[in-house]
């Protein structure tokens, strides 16, 4: 598992990370900035050169920091200075995995090690991402307060994805209240835990701007209203891959300066009015929407891919819209003869509208003209993904090949001038009657 631009300190122990393939030697890159090493080899003091690389990847085995601190203390110290550590098929433990007496000895060595002058104050780590991990409960005990202070002192971004997190207690929440980004996706966090967090004394996530809760068994955003009261400046909320069905936008979000809302892959069949005065990016892709009315007028990005839309939503009031994705729906036409919708979006830069069952008749004329002649909009999937579904004779053909000549209206040169023939005859007859009278 590669965690790009993330920092994983080896002192967050008691975790298991799966994946990767075996290697038996420490391999140092030519520029000596990256090293891939088997766990057994890293315990050899001769591997210190490898440990000093800027990026270090461990593969296959069990890594015991207490043993490393004994056999190669310089190796252990070098590890916690890394900007990037990668674990592939590794089990890491800090304590409680050996005999009681040795566990106690390990704990004492750990505390002594953490009290090195270099670990006083806060760590330089700003972002920490852990995926598919289980953190040893012993790391939450008071004896590790030096580690907590060192690790969380300057941490701004924290991700604990698929980590079995169920309960969020007040002590744990208070350690992370200075974060600006928090990702707790794919954890079975209990509803009770979300409600109880509001009872934590003087707790406030006053800096938190980005919260990710993908695949967290949510059925309504109403359950988040209690913790939302502690997050005054939230701008990004990712609650994708949950089960909302009919989505209700709660009142607690209306007062937030929310700019991005991700509701994709959530089985949504209906969306109630999104009453927001700040929302700029809305992702409703991979749902079951047949109709989507009244999108927020502040939107700059609207993602509706892979739904069941028969018609485009009303776009007339989206004067700021810059990106629109409506590919893989049930659209038979994009723009009609009146020239509304897409042609009124003056700020539109990017459009995805392919993989729809377009009906290739004269009603599609304005759509083809728009796609062929627009210079300001990048239609990234045109013409390859714009195919005719009907009539059968043109099925599978690109809509750009549609012959528009037969759709032309009579030109002014072929139109008849002067009054209709019936009117001419009536006037002539009337003049004769007047003459005889």
Worksheet item: Of the peptides 227-233, 239-245, 188-194, how do they stack up when ordered by the mean number of other Cβ atoms within 10 Å, highest first?
Response: 239-245, 227-233, 188-194
Practice prompt. Apply 1/(1 + (r/R0)^6) to the Cβ-Cβ distance of residue 269 and residue 336, taking R0 = 25 Å, and write down the FRET efficiency to the nearest 0.05.
Written response: 0.45
Response to the item:
Extension length gain for residue 346 and residue 401 (0.36 nm per residue less Cα distance), in nm, is 17.1 nm
Worksheet entry | Contour minus Cα-Cα distance for residue 252 and residue 174 (0.36 nm per residue) | 25.8 nm
Worksheet, complete the sentence: Check: C-alpha center the range 278-330 vs C-alpha center the range 213-227, spacing in Å is 23
Discussion item. With only alpha-carbon atoms in the gyration tensor, what are the semi-axes of the equivalent ellipsoid for the range 289-405, in Å, largest first?
Written reply: 23, 15, 12
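Every read-out reported here was derived from the displayed coordinates using simple, explicitly stated rules and does not represent laboratory data. Because the structure is predicted, anything quoted here is derived from the model rather than measured. Counting neighbours? That spans all protein chains shown, and the Cβs are built from the backbone with ideal geometry, glycine included.
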